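Structure first, then comments.
The values are calculated or read from the model by the stated rules, or taken from the named source; none is laboratory data. Everything numeric in this text was worked out from a predicted model, so none of it was measured. Because the Cβ atoms are built from the backbone with ideal geometry, glycine has one as well, and the counts that use them run over all protein chains shown.
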Amino acid sequence: MRIATEMSDEIARYIDLASDQAKLTAANMANVDTPGYQTVGMNFGAEMQQAIDDVDRGRKSHKVHLFDVDGLVARPDGNNVSIDREGLDLAEAQLRYNTGVSLLHTEYQREMDAIHAS
């Protein structure tokens, strides 16, 4: 039996996007010493809105749109990764992920309570 609701699907997508953001940040950090590497980012809010719209339309998959981050100072080798910026992004992604897991746990507990009350 599958216990899923529209809300649990949206929360799962939120967790997936937080994970995608953490992976992207880790890739940026891993390339801190790669000459010419340009920092890549994603707009979490816009991606989440698109994911909600996809769930509403019954679509399960969504390709995350990435972009080169503008306004960062490039070193002489052309690399513009800022470890400070990436550290903040990683902390934000971790907070989002942990929040999503907590919300999903609460949603499943609510569903289980409703099943047991029947």
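Annotations for the structure displayed:
- Lone qualifier among ASN28, ASN43, ASN79 - being more than 18 Å from the chain's Cα centre (by Cα) and farther than 30 Å from ALA114 by Cα: ASN79
Condition check ((1) part of a helix (DSSP H, G or I); (2) closer than 24 Å to TYR108 by Cα; (3) among the basic types (Lys, Arg); (4) modelled with pLDDT of 95 or more) across all residues:
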| residue | (1), (2), (3), (4) |
| --- | --- |
| ARG13 | yes, yes, yes, no |
| GLY36 | no, no, no, yes |
| VAL73 | no, no, no, yes |
| PRO76 | no, no, no, yes |
| GLN94 | yes, yes, no, yes |
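- None of ILE3, ILE83 is surrounded by fewer than 17 Cβ atoms within 10 Å (Cβ to Cβ) and modelled with pLDDT under 95 except ILE3.
- Some residue of segment 44-60 being in contact (Cβ under 8 Å) with a residue 12 or more places away in the chain, charged (D, E, K, R), in contact with a helix residue (DSSP H, G or I) (Cβ under 6 Å, 6 or more places away or on another chain) and on the phi < 0 side of the Ramachandran plot: yes
- Entry remark, segment 41-61: residues being in a loop (DSSP other than H, G, I, E, B) and buried (at least 17 other Cβ atoms within 10 Å of the Cβ) number 1 in total.
- Qualifying residue in segment 80-87 (condition: hydroxyl-bearing (Ser, Thr, Tyr) and touching a helix residue (DSSP H, G or I) at 6+ places or on another chain (Cβ under 8 Å)): no
- Note on segment 107-118: residues that are surrounded by 11 or more Cβ atoms within 10 Å (Cβ to Cβ) and either without any contact (Cβ under 8 Å) to a residue 60 or more places away in the chain or among the aromatic types (Phe, Trp, Tyr) (or both) total 2.
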